[in-house]
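As structure tokens, the structure follows; a few thoughts come after it.
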Amino acid sequence: MKPLLILALEHLYLATAGVFLATLVGVPLGILLTHYRRLAPVVFSLTEMVQTVPSLGLLALLLFVFGLGNKTLIAGLLIYSLLPIVRNTYTGIRSIRPELIEAGKGMGMTRLQLLTQVELPIALPVVLGGIRVALITAIGISTIGVVIGTGGLGQPIWRGIQMENQGMIIQGAATAAALAILAEILLTALEQRITPRGLRKRKAT
Amino acid sequence: MLRFEQVTKIYSGQRVVDCLDLEVKKGEFLVLIGPSGCGKTTTLKMINRLIEPSEGKIYMNGTDISRLDPVQLRRQIGYVIQQVGLFPNMTIQQNVDVVLRLLKRPLQERQERVRELLAMVGMDPALYAERYPNELSGGQQQRIGVLRALAADPPLILMDEPFGALDPITRESLQDEFKRLQEKLHKTIVFVTHDMDEALKLADRIVLMKDGRIVQAGPPEELLRHPANDFVAFFFGKKRKENEIYLETVDEVMNPAPVTIRPEQGVAEGVELMRRRHVDSLFVVDKEERFLGQVTIESLNREHLRAHQIIELLDTNVPTVLAGSKAETAFRIMTEQRLKYVPVVDTEGRLVGLVTRTSMVNALASVVWGDGISA
Ligand SMILES: Nc1ncnc2c1ncn2[C@@H]1O[C@H](COP(=O)(O)OP(=O)(O)O)[C@@H](O)[C@H]1O
Ligand SMILES: [Mg+2]
């Protein structure tokens, strides 16, 4: 088996790849939904339904399309990550005070300018919050990738179970947990960094 | 400059603006006023096409605005809203120059323009340009809201109850400031309000609306003197009476015998005096009855072990009013500074009485229910 560090990096790669692709799809989808609001409930119940499918079952289904290996896992992660990202993008933009949208329009912003200069910057922290939740979930789910033949921290866990080696199981699980915590800390910090200064909660003086 | 021709807006079968004909001249300060829901905002937003009319046409400088690109149109029209709507993610500089940025003006020109505008409303550019809206007071934020509308120097400015959310004092100072500004800039302004005082103060011409129609339009004087019907008379009459409310001078409403003490008297005496007279502050006067300040029960409680004489606990920072001034002055000081009372002094500085919350209530009651109750 590969060294733990390599497995951890593999693991991180798989999880981020899935979430990255989900971001590429989910953010535009969330934006689109703010313009077609009637579609929003439909899309949300659909993605929610998908989320209730057990991850093992979903991966099994995707196996038919993508075969054994990383592709299937990444596709599964993409699907799982879609809901938090789409929902946060949508609610992030929807919860912007309506007078800001009115002011933007009234100043003569085009739809695209309104989106890039007002809506997205203000919603960005919320969007990133969705990405963070998705990534942490993805780090967890990636451990079961091993049953469809991916690398990552599922390997020591799986191996440990087969060999009845508790130490191995714990090593894999603890590293995955550490990755999740690290992701949480880093993305929370990033969220605070990118929050425009004018939107940060002011410390009481 | 601006002409409405038979403009109608229908929402679910209801004509919220009904066959409106209206002309706004260049450089005119037009105020749209009327009860809530009469269609003022709808009328205003049809000018910058945030709302499209159901019927009728609006012309700007002779051009039918429905033929113009709405985005281009809006960049030529200043817009100020009640909720201010400053972009929280942008600095004051970025908020004020937003239209200039949309028009792709160079940075240096934008910075210069913002400096000039900030200076115009007495805000130091060095101090404010790089701040964010949430670091400003409500009044300052709306100043920025007005500057944002002025930045690209549009000939026409729309304002929808711009000062409506501000406290009365800030509102008045912004009205004055804006009036001065307008005297310099000569913009064409369409201004929505439901505050009659504001309309009378600012308008060249007032348009009074009701149920989507114009009831009367004319200079303030004309509406006051020759109301077209009872609705107009009522709308303005109510206000006129309010302005004539007669409030007495402080001498008539004050309590003439506040509980006093001398500075050299002992702290224990003060405590005893408060207990006997059921008061929580004492007014400190010298031999000649001249007012020096006050001591409160809080300071007595806190300091009675340390201090011996009243003078050690004297709080001299007490607002007073002059005998003979209008009761209103005292009331205003009390409301603004959240005071329970204001001492009244004569020209020699002698304490002659005390205006309290009770005197305020009694005086107002006498205005509402007639005389005879005043304290
Ligand atoms: N988008 C809308 N849909 C339906 N009715 C509306 C809409 N906007 C305004 N109205 C109605 O039109 C009337 C006039 O509204 P408005 O112009 O905002 O009044 P004002 O600004 O004078 O208070 C009100 O009765 C309001 O309820
Ligand atoms: Mg309104």
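The values are calculated or read from the model by the stated rules, or taken from the named source; none is laboratory data. In this text the structure is predicted, and so the values were computed from the model without any measurement. Virtual Cβ from ideal backbone geometry, glycine too; neighbours counted across all protein chains shown.
A:I141 meets all of the listed conditions (1) part of a helix (DSSP H, G or I); (2) within 14 Å of chain B (Cβ to nearest Cβ) but one, namely (2).
Taking the criterion of being within 28 Å of A:T110 (Cα to Cα) and either away from ligand 2 (no atom under 16 Å from the Cβ) or under 24 Å from the mean Cα position of the chain (by Cα) (or both), would at least one residue in the stretch B:33-40 satisfy it? Don't jump to the end; show me each part of the working.
Initial filter on the stretch B:33-40 (within 28 Å of A:T110 (Cα to Cα)): B:39-40.
Cutting the leftovers down to either away from ligand 2 (no atom under 16 Å from the Cβ) or under 24 Å from the mean Cα position of the chain (by Cα) (or both) gives us B:39-40.
Looking through the stretch B:33-40, at least one residue is within 28 Å of A:T110 (Cα to Cα) and either away from ligand 2 (no atom under 16 Å from the Cβ) or under 24 Å from the mean Cα position of the chain (by Cα) (or both).
Return the residues of the stretch B:138-162 that are part of a loop (DSSP other than H, G, I, E, B) and under 17 Å from B:R101 (Cβ atoms); say none if nothing qualifies.
In the first step, residues of the stretch B:138-162 are kept if they are part of a loop (DSSP other than H, G, I, E, B); the result is B:151-155, B:161-162.
Answer for the stretch B:138-162, where residues must be part of a loop (DSSP other than H, G, I, E, B) and under 17 Å from B:R101 (Cβ atoms): B:A151, B:A152, B:D153, B:P154.
Take the stretch B:148-200 and flag every residue that is within 14 Å of chain A (Cβ to nearest Cβ), within 17 Å of B:G78 (Cα to Cα) and within 16 Å of ligand 2 (Cβ to nearest atom). Within the stretch B:148-200, B:L158, B:M159, B:D160, B:E161, B:P162, B:V190, B:V192 qualify. Check whether at least one residue in the stretch A:137-159 is surrounded by fewer than 18 Cβ atoms within 10 Å (Cβ to Cβ), within 17 Å of the chain's Cα centre (by Cα) and not aliphatic (A, V, I, L, M), and report yes or no. Checked against the condition, which is being surrounded by fewer than 18 Cβ atoms within 10 Å (Cβ to Cβ), within 17 Å of the chain's Cα centre (by Cα) and not aliphatic (A, V, I, L, M), the stretch A:137-159 yields at least one hit.
Yes/no per residue for (1) buried (at least 18 other Cβ atoms within 10 Å of the Cβ); (2) over 21 Å from A:L199 (Cβ atoms):
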| site | (1), (2) |
| --- | --- |
| B:L32 | yes, yes |
| B:P35 | no, yes |
| B:T43 | yes, yes |
| B:I47 | yes, yes |
| B:G62 | no, yes |
| B:M90 | yes, no |
| B:Q111 | no, yes |
| B:A126 | no, yes |
| B:Y132 | yes, no |
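Among the conditions (1) in a strand (DSSP E or B); (2) within 16 Å of ligand 2 (Cβ to nearest atom); (3) away from chain A (no Cβ under 14 Å); (4) closer than 25 Å to A:M109 by Cβ, the only one that B:T43 does not satisfy is (1). For the stretch B:200-222, filtering for residues that are of a type in the set (D, E, K, R), in contact with a strand residue (DSSP E or B) (Cβ under 8 Å, 6 or more places away or on another chain) and within 16 Å of ligand 1 (Cβ to nearest atom) leaves 2.
Looking for whichever is away from every other protein chain (no Cβ under 12 Å) and in contact (Cβ under 8 Å) with a residue 40 or more places away in the chain here; the options are B:V121, B:V114, B:V99. Which one fits?
Numbers: B:V114 fails: in contact (Cβ under 8 Å) with a residue 40 or more places away in the chain; B:V99 fails: away from every other protein chain (no Cβ under 12 Å).
It is B:V121.
Among the residues of the stretch B:21-38, those identified as within 9 Å of ligand 1 (Cβ to nearest atom) and of a type outside the set (A, V, I, L, M, F, W, C) are B:G34, B:P35, B:S36, B:G37.
Scanning the stretch B:53-73 for residues that are hydrophobic (A, V, I, L, M, F, W, C) and within 13 Å of chain A (Cβ to nearest Cβ) yields B:L68, B:V71, B:L73. Looking at this structure, is A:L33 crowded, with 19+ Cβ neighbours inside 10 Å, within 28 Å of A:G167 (Cβ to Cβ) and at pLDDT 90 or above? Here the answer is no, as A:L33 does not meet what is asked.
For the stretch A:14-30, which positions are surrounded by fewer than 20 Cβ atoms within 10 Å (Cβ to Cβ) and either closer than 19 Å to A:V126 by Cα or modelled with pLDDT under 95 (or both)? So that I can check it myself, show each step before the final result.
Let us first name the residues in the stretch A:14-30 that are surrounded by fewer than 20 Cβ atoms within 10 Å (Cβ to Cβ), namely A:16-17, A:20-21, A:24-25, A:28-29.
The answer is A:T16, A:F20, A:L21, A:L24, A:V25, A:P28, A:L29.
None of A:L63, A:L46, A:L68 is within 30 Å of A:G167 (Cα to Cα) and at pLDDT below 95 except A:L68.
It is to be established whether one or more residues within the stretch B:131-142 are out of contact with any strand residue (DSSP E or B) (no Cβ under 9 Å at 6 or more places or on another chain) and aromatic (F, W, Y). Yes: one or more hits.
Residue-by-condition table, conditions (1) within 14 Å of another protein chain (Cβ to nearest Cβ); (2) at pLDDT 95 or above; (3) within 16 Å of ligand 2 (Cβ to nearest atom):
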{"position": "B:T8", "(1), (2), (3)": "no, yes, no"}
{"position": "B:V17", "(1), (2), (3)": "no, yes, yes"}
{"position": "B:I51", "(1), (2), (3)": "yes, yes, yes"}
{"position": "B:I77", "(1), (2), (3)": "yes, yes, no"}
{"position": "B:Q83", "(1), (2), (3)": "yes, no, yes"}
{"position": "B:F87", "(1), (2), (3)": "yes, yes, no"}
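Applying the criterion of being more than 17 Å from B:N89 (Cα to Cα) and within 14 Å of another protein chain (Cβ to nearest Cβ) to the residues of the stretch A:63-111, the residue that is surrounded by the most Cβ atoms within 10 Å (Cβ to Cβ) is A:G106. Screening the stretch B:163-199 for residues that are touching a strand residue (DSSP E or B) at 6+ places or on another chain (Cβ under 8 Å) and part of a helix (DSSP H, G or I) and picking the one that is modelled with the lowest pLDDT gives B:M196. Residue pairs whose Cβ atoms lie under 8 Å apart, sitting 6 or more positions apart in sequence or on different chains, and linking a residue in the stretch B:33-44 that is of a type in the set (D, E, K, R) to a partner that is near ligand 2 (Cβ under 9 Å from one of its atoms), are B:K40/B:D160; B:K40/B:V192; B:K40/B:H194.
Quick check on B:L117: is it loosely packed, with under 15 Cβ neighbours inside 10 Å and either at pLDDT below 95 or in the same structural domain as B:K40 (by TED's automatic domain parsing) (or both)? No, not satisfied.
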